[in-house]
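> Below is one structure. I have some questions about it.
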């Protein structure tokens with residue numbers, strides 16, 4: 001397995017574990033602390049984080065024998081999306097200044113770029 005694939009798989013596993021833990025935190029510890037809107041925002045972050053952790057597993061599997069440039073772009077974009085999109089939503093749900101929400105769309109763009117890079121990789125194979 002390539003070094004990139006091993007690294008991406010480790011990031012995927014840790015990101016997935018964190019999504020489960022953060023989902024449990026939102027469902028239990030924050031349930032009585034946050035209002036309905038904030039909990040919905042938290043839930044959205046958990047969902048996107050988990051789905052993109054799975055996407056990272058897929059990219060790692062595809063990169064087992066060697067990562068193409070497009071697979072590297074997809075993996076990096078998915079990680080960037082998790083950091084920018086999900087982390088900003090978690091922060092907003094916890095009461096961060098609304099201006100931080102300007103970062104969230106950048107994470108969404110990173111997710112879209114990752115999916116497009118993955119599609120381009122598939123079409124070039």
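> Looking at residue 122 and the list (1) free of Cβ contacts under 8 Å to residues at least 24 places away in the same chain; (2) more than 14 Å from the chain's Cα centre (by Cα); (3) under 22 Å from residue 16 (Cα atoms), which single condition is not satisfied?
Status for residue 122: all satisfied but (3).
> I'd like to check something: does region 91-107 contain any residue that is within 10 Å of the chain's Cα centre (by Cα) and surrounded by fewer than 19 Cβ atoms within 10 Å (Cβ to Cβ)?
Among the residues of region 91-107, not one is within 10 Å of the chain's Cα centre (by Cα) and surrounded by fewer than 19 Cβ atoms within 10 Å (Cβ to Cβ), which makes the answer no.
> Could you please find all residues in region 62-77 being surrounded by fewer than 17 Cβ atoms within 10 Å (Cβ to Cβ) and touching a residue at least 60 places away in the same chain (Cβ under 8 Å)?
Those that are surrounded by fewer than 17 Cβ atoms within 10 Å (Cβ to Cβ) and touching a residue at least 60 places away in the same chain (Cβ under 8 Å): 64, 65, 66, 72.
> Now for a separate question. Among the numbered conditions (1) surrounded by 14 or more Cβ atoms within 10 Å (Cβ to Cβ); (2) in a loop (DSSP other than H, G, I, E, B), tell me where residue 12 comes up short.
Looking at each condition in turn, residue 12 falls short on (2).
> So, residue 80, is that one in contact (Cβ under 8 Å) with a residue 24 or more places away in the chain, crowded, with 21+ Cβ neighbours inside 10 Å and either in a helix (DSSP H, G or I) or out of contact with any helix residue (DSSP H, G or I) (no Cβ under 6 Å at 6 or more places or on another chain) (or both) or not?
Against the criterion (in contact (Cβ under 8 Å) with a residue 24 or more places away in the chain, crowded, with 21+ Cβ neighbours inside 10 Å and either in a helix (DSSP H, G or I) or out of contact with any helix residue (DSSP H, G or I) (no Cβ under 6 Å at 6 or more places or on another chain) (or both)), residue 80 does not qualify.
The rows are residues; the columns are (1) surrounded by 14 or more Cβ atoms within 10 Å (Cβ to Cβ); (2) touching a strand residue (DSSP E or B) at 6+ places or on another chain (Cβ under 6 Å); (3) under 17 Å from residue 95 (Cα atoms).
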site: 17; (1), (2), (3): no, no, no
site: 26; (1), (2), (3): yes, no, yes
site: 34; (1), (2), (3): yes, no, yes
site: 43; (1), (2), (3): yes, no, yes
site: 48; (1), (2), (3): yes, no, no
site: 52; (1), (2), (3): yes, no, no
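A short reminder: the numbers here are calculations on the coordinates, not readings from a lab. Fair warning: this is a prediction, and the values are worked out from it, not measured in the lab. Note: ideal-geometry Cβ built from the backbone for every residue, glycine included; neighbour counts use all protein chains shown.
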